[in-house]
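Novice: Before I ask anything, let me first share the structure, which is written out below as structure tokens.
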Amino acid sequence: MSRLNTTFLHLQRQGRKALIPYITAGYPGVDITPALMHVMVEAGADIIELGVPFSDPSADGPTIQAASEHALRQGIGLPQVLDQVRGFRKSDTDTPVVLMGYANPIERYDLLRQSGAFAEDAASAGVDGVLVLGYPPEVSGNLAAQLRHHGIDLIFLLAPTSTERRIQQVTDHASGYVYCVSIKGITGATTLDMTQVRDTLARIRRHVRIPVGIGFGIRDACMARDVAQVTDAVVIGSWLIESLADKPAAAALAAASDLIRDVRHQLDLDAPKPDHAFTPEHPTT
């Protein structure tokens, strides 16, 4: 069983929700990423989403765009991101790591090496899942097969605008968990409509039997707690990255630890028992 499956099943048995922080690899410093990952796990993170810097992150707001640009200027690309995962794995073999990014760096990685090199090297580094923005199920077959061969989950996005057909397509291909975008917009938005979130989740739950996480627009611990009442996982991104901005390494590590610890505390207050069951397995199709 994969690390993602194990983590979600363990949390479900406890009636707790997964806390998934997102950070951009190489931000705010070139070498800080493995240490950031460790302090967040110690503070209560269950899964780490690690952003792969890209020059045109069209789905991301200004906070993550700026972090990505900063990391790129420091020479952080996909090979360096895999090295950072390897560094993290030297002392943490349990916490799932998901790479989140765009198709271009993956395609270039294979182009400069050979077809399937990314999936093989990601598995060797200790990556558990990959979420590729702008890479829908109908064009993901080759990558999905390569990742599945190496035991890596391919995670897809769904949004309030997703049609029933799109939800079913994702259901047929996704594994690990489904990332539900809470808003109609880019990362870092400041408004979150919980009625819309509940409606979107209800539509997704009619089809999806694996865990569903909510991200985009979560700006404080109380909001995270509200989201946790209706989903399996809460994803914290722009708010976390903003807390790291312009800080030296020690201060950035402390800020990340404090933020994650606060969110973890809120998520565990009166942790509700799940009102549904999921089957976190790889798809057979």
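Novice: At pLDDT below 95, buried (at least 18 other Cβ atoms within 10 Å of the Cβ) and either of a type in the set (Val, Ile, Thr) or in contact with a helix residue (DSSP H, G or I) (Cβ under 8 Å, 6 or more places away or on another chain) (or both): is that true of residue 34 in this structure?
Specialist: no
Novice: Give all pairs with beta carbons closer than 9 Å in which a residue from the range 250-263 that is part of a helix (DSSP H, G or I) meets a residue that is of a type in the set (Lys, Arg); count only pairs at least 6 apart in sequence or on separate chains.
Specialist: Close Cβ pairs satisfying both conditions: 253/247; 254/247; 255/247; 263/225.
Novice: Suppose we filter 194, 223 for residues that are in contact with an Asp or Glu (Cβ under 9 Å, 6 or more places away or on another chain) and either modelled with pLDDT under 90 or of a type outside the set (S, T, N, Q) (or both); which single one remains? Reasoning before the result, please.
Specialist: Working: 223 fails: in contact with an Asp or Glu (Cβ under 9 Å, 6 or more places away or on another chain).
So the residue among 194, 223 that is in contact with an Asp or Glu (Cβ under 9 Å, 6 or more places away or on another chain) and either modelled with pLDDT under 90 or of a type outside the set (S, T, N, Q) (or both) is 194.
Novice: Considering each residue of the range 1-38, count those that are in contact (Cβ under 8 Å) with a residue 60 or more places away in the chain, within 27 Å of residue 246 (Cβ to Cβ), part of a helix (DSSP H, G or I) and under 17 Å from the mean Cα position of the chain (by Cα), and give that number.
Specialist: Residues in the range 1-38 being in contact (Cβ under 8 Å) with a residue 60 or more places away in the chain, within 27 Å of residue 246 (Cβ to Cβ), part of a helix (DSSP H, G or I) and under 17 Å from the mean Cα position of the chain (by Cα): 2 in total.
Novice: Hand me the list of helices (runs of 4 or more DSSP H) wholly inside the range 64-181 holding 1 or more residues that are among the small types (Gly, Ala, Ser) and touching a His at 6+ places or on another chain (Cβ under 9 Å).
Specialist: 117-125, 141-149
Novice: Quick check, is residue 221 of a type outside the set (D, E, K, R), in contact (Cβ under 8 Å) with a residue 40 or more places away in the chain and in contact with a Lys or Arg (Cβ under 8 Å, 6 or more places away or on another chain)? Give the derivation first.
Specialist: Details: of a type outside the set (D, E, K, R): yes; in contact (Cβ under 8 Å) with a residue 40 or more places away in the chain: yes; in contact with a Lys or Arg (Cβ under 8 Å, 6 or more places away or on another chain): no.
No; evaluated as a whole, the condition is false for this residue.
Novice: Looking at the structure I just gave you, is residue 85 of a type in the set (A, V, I, L, M, F, W, C), crowded, with 22+ Cβ neighbours inside 10 Å and under 19 Å from residue 244 (Cα atoms)?
Specialist: Taking the combined requirement at face value, the residue does not satisfy it.
The values are calculated or read from the model by the stated rules, or taken from the named source; none is laboratory data. All values derive from a computational prediction rather than experimental measurement. For neighbour counting, all protein chains shown are included, and Cβ atoms are generated from backbone atoms with ideal geometry for every residue, glycine included.
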